[in-house]
Amino acid sequence: MAAFAALQGWVLSVLLVVLPTLAVALTAAEPGDQPGWGAGQAGLRLWLLGHGVPQTVDGVVVSLVPLGITALAVYTLYAATRRAQVAAGGMVTGALCYTVLTVVAALLGGVGGLGVVRSVVGGLVVGGLGAGLGAARGSQAWRGVAPVSRPSPPVRAGLRAAALAGALVVGVAGLLVVVWVVVGRGAIGEVVRGLSLDAVGGVVYAVAQLVYLPNLLVWAVAWLSGAGFVVGSGTRFAPDEVVGGPMPAVPLLGALPTWSGPYLALAAPALLVVVGAAVGFYLHRRAPAGAWWHQPAAVGTCALATAVATAVLVAAASGSAGPGRLGVVGAVWWQVGPLVGGLVGLGAALVALPGSAVLRHRARVAVGQGAQSAVHRATSVVGRARRR
């Protein structure tokens, strides 16, 4: 059942990418041309790029992953796995079958050498996410899993809080992108008018930008962290500084932020602290009561999981997008990940730790014992001084 679900998800995601590519190629072909297989291979390579397999176009390596295609592949596999009601034990089978199919797509697309190895890694990541989410159905996520192998309650609470933190951070980043688009609508309109696209070209261009829209969302998270991002070497887009440069004629790039300042450099990271405070309130209300260290462990787990997930997304949303200056696009994962995790963890700690009755009691006991010990030492010193 898991293998059949993996096949369904794979076929659907491949068709959703390859068929539009074929349609565009056939529309643009000259009379007598037969672009079928070549266009199909181009669609497969685009699909593989969404799985982290770099592609070479006219001698230029393109490694910037279109996260829209990645999300599409994860969703189709998730939907197929959930509809097939695959149990938790079938996640591994589904992920492995999807990986094999990804390697098949790489071979059909004419990818060889290191690209096949990258397709294995991409297939495992996408297949694991899609099959895992599909099999994990709400409260039944741990059904059939031995209790000894389950995470401890603080870790489970921290992971749930990290999921909430991720949703809130993405929501804030989404609102920020909307603001960028509204502010930059004039520049976007100028680029569109300058391209002079026909109906087919306009649709193709719009779809091509949509698959990279999640990348812009991840860059907005990097902007909120204060580290910022680049779109070409020598550029920087951050709350404290904007250094622009020549950009390709892509309407989506017209939404890049053009404003900065010291107040913005403080307000942007503060939003992540506010997100952390909301997560801390969730931990205060929902985390199970236990030992005094349970709440700090849950906060630490939340911060660590948020940092790791952010770093992975930032790494996936960065790479090479073309020749020359466009060889560097995105953000630095080892900077943005710890910053986002630390800011969210700080906000969660400021709310969750003081709100823990067990932790407050432990702190009062520790302070009381420390005070008694200090009084005892002072009394001993005074007694010895009097005897002398």
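The values are calculated or read from the model by the stated rules, or taken from the named source; none is laboratory data. The model shown is predicted, which means the values in this text are computed figures rather than measured ones. All Cβ positions, even for glycine, are placed from backbone atoms using ideal geometry, and neighbour counts span all protein chains on display. Remember, those area values only see protein heavy atoms, side chains included, never the ligands or the DNA or RNA. Shrake-Rupley method; radii C 1.70, N 1.55, O 1.52, S 1.80 Å.
Answer yes or no: is there a residue in the range 264-282 that is touching a Lys or Arg at 6+ places or on another chain (Cβ under 9 Å), crowded, with 16+ Cβ neighbours inside 10 Å, more than 30 Å from Arg160 (Cα to Cα) and not hydrophobic (A, V, I, L, M, F, W, C). Working first, answer last.
Quick first cut of the range 264-282, residues touching a Lys or Arg at 6+ places or on another chain (Cβ under 9 Å) only: 282.
Filter once more, keeping what is crowded, with 16+ Cβ neighbours inside 10 Å: 282.
Restricting the remaining residues to those that are more than 30 Å from Arg160 (Cα to Cα) gives none.
No - not one qualifying residue is present in the range 264-282.
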Complete set of residues in the range 307-318 that are open to solvent by 20 Å² or more (accessible area, probe 1.4 Å) and either at positive phi or not in a helix (DSSP H, G or I) (or both):
Ser318
Being farther than 20 Å from Ala73 by Cα, modelled with pLDDT of 90 or more, in a helix (DSSP H, G or I) and open to solvent by less than 50 Å² (accessible area, probe 1.4 Å) narrows it down to one residue among Val169, Val179, Val126; which is it?
Val169
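Only residues that are closer than 29 Å to Gly276 by Cβ, touching a strand residue (DSSP E or B) at 6+ places or on another chain (Cβ under 8 Å) and aliphatic (A, V, I, L, M): list them for the range 219-251, please.
Ala222, Ala227, Val230, Val231, Ala238, Val242
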Among Ala227, Ala222, which is assigned to a loop (DSSP other than H, G, I, E, B) and either within 23 Å of the chain's Cα centre (by Cα) or free of Cβ contacts under 8 Å to residues at least 12 places away in the same chain (or both)?
Ala227
Would you check which residues across the range 105-122 are open to solvent by less than 60 Å² (accessible area, probe 1.4 Å) and either within 14 Å of Arg45 (Cα to Cα) or in contact with a strand residue (DSSP E or B) (Cβ under 8 Å, 6 or more places away or on another chain) (or both) and list them?
Ala105, Ala106, Gly109, Gly110, Val111, Gly112, Gly115, Val116, Ser119, Gly122
I'm told Leu216 meets every condition in (1) modelled with pLDDT of 95 or more; (2) more than 26 Å from Leu343 (Cβ to Cβ) except one. Can you identify the failing condition by its number?
(2)
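Given the options Trp292, Trp259, name the one that is at pLDDT below 95, of a type in the set (Phe, Trp, Tyr), open to solvent by 40 Å² or more (accessible area, probe 1.4 Å) and out of contact with any Leu (no Cβ under 7 Å at 6 or more places or on another chain).
Details: Trp292 fails: out of contact with any Leu (no Cβ under 7 Å at 6 or more places or on another chain).
Result: Trp259 is the single residue among Trp292, Trp259 that is at pLDDT below 95, of a type in the set (Phe, Trp, Tyr), open to solvent by 40 Å² or more (accessible area, probe 1.4 Å) and out of contact with any Leu (no Cβ under 7 Å at 6 or more places or on another chain).
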